[in-house]
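The block underneath contains the structure these notes are about, expressed in structure tokens.
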Amino acid sequence: AIGTTKNRVISSRSNAKVGYKIIVSGKHGASGAGLKDLFDGNKTDLALKHLMPKAQVEFSKEIATKINTDYAMMDTSDGLADALEKIANASKVLLSVDFDKIPYDKQIKKFDDYKDLILYGGEDYQLVACVPKNFDVANSYIIGEVKEGLGVEIDYKPLNTDKYYDHFKEQK
């Protein structure tokens, strides 16, 4: 990648701090649901979300140009749960998430495993960030907070790391 960091604070997965809030840029699960629709031969709005994702450039730019302290951020292309765990482990903190606050497209409820699609679906082109509580980001959703401890806790059910996308193993 070639670019400049002039007038920007660059994120790192290792910069989540106790007391920060966890925010996301948008809805999760639609791309995974769209892929399921495509495999079933259905050309739906969800399928279009899988085929034509939109990068969250303004979200990341707003944070990088307005924040004046360290923060953590990463994409959720391999799934929200995977991104949360990578930030938690790199930062050596506990990310506590309220599942009911994670935004998702209500159309995905047609799938019995829609909650898994929200956590593990990936390819939604969204971002997750840990920023100070008093730092506001337009069009963001607060889904939890950073606490002392290590790992990720979600009040839905324990995370299933077997569902994380692994680039180095054969996918089913």
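The values are calculated or read from the model by the stated rules, or taken from the named source; none is laboratory data. Computed from a predicted model, the values in this text were never measured in an experiment. FYI the Cβ positions are ideal-geometry reconstructions off the backbone, even for glycines, and counts take in every protein chain you see. Side chains are part of the model used for accessible areas, which takes the heavy atoms of the whole protein and leaves out ligands, DNA and RNA. Shrake-Rupley method; radii C 1.70, N 1.55, O 1.52, S 1.80 Å.
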Those residues of the stretch 1-53 that are open to solvent by 70 Å² or more (accessible area, probe 1.4 Å), among the hydroxyl-bearing types (Ser, Thr, Tyr) and in a helix (DSSP H, G or I) come to a total of 0
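Just to be sure, is residue 149 small (Gly, Ala, Ser), open to solvent by less than 60 Å² (accessible area, probe 1.4 Å) and not in a strand (DSSP E or B)?
Values: small (Gly, Ala, Ser): yes; open to solvent by less than 60 Å² (accessible area, probe 1.4 Å): yes; not in a strand (DSSP E or B): yes.
Judged against the criteria, residue 149 is a match.
So that you can scan it fast, the table gives a plain yes or no per residue for (1) at pLDDT 95 or above; (2) more than 17 Å from the chain's Cα centre (by Cα):
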{"residue": "8", "(1), (2)": "no, yes"}
{"residue": "11", "(1), (2)": "no, no"}
{"residue": "20", "(1), (2)": "yes, no"}
{"residue": "33", "(1), (2)": "yes, no"}
{"residue": "52", "(1), (2)": "no, yes"}
{"residue": "67", "(1), (2)": "yes, yes"}
{"residue": "77", "(1), (2)": "no, no"}
{"residue": "80", "(1), (2)": "yes, no"}
Could you give every pair whose Cβ atoms fall below 8 Å, whose first residue belongs to the stretch 131-160 and is in contact (Cβ under 8 Å) with a residue 60 or more places away in the chain, and whose second residue is open to solvent by 80 Å² or more (accessible area, probe 1.4 Å) and hydrophobic (A, V, I, L, M, F, W, C), counting only separations of at least 6 or pairs across chains? 146/18; 147/18; 148/18
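Let's see how each residue does on (1) farther than 23 Å from residue 18 by Cβ; (2) in a loop (DSSP other than H, G, I, E, B); (3) out of contact with any helix residue (DSSP H, G or I) (no Cβ under 6 Å at 6 or more places or on another chain):
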site	(1), (2), (3)
85	no, no, yes
89	no, no, yes
96	no, no, yes
118	yes, no, yes
128	no, no, no
139	yes, yes, yes
144	no, no, yes
157	yes, yes, yes
Quick one: residue 111 ticks every box in (1) open to solvent by 20 Å² or more (accessible area, probe 1.4 Å); (2) within 23 Å of residue 14 (Cα to Cα); (3) in contact (Cβ under 8 Å) with a residue 40 or more places away in the chain bar one, so which box is it? (2)
Condition first: within 14 Å of the chain's Cα centre (by Cα) and either of a type in the set (Gly, Ala, Ser) or assigned to a strand (DSSP E or B) (or both). Can you find one or more residues in the stretch 104-111 that meet it? no
Single unsatisfied condition, residue 59 versus (1) free of Cβ contacts under 8 Å to residues at least 60 places away in the same chain; (2) open to solvent by less than 60 Å² (accessible area, probe 1.4 Å); (3) of a type in the set (Phe, Trp, Tyr): (1)
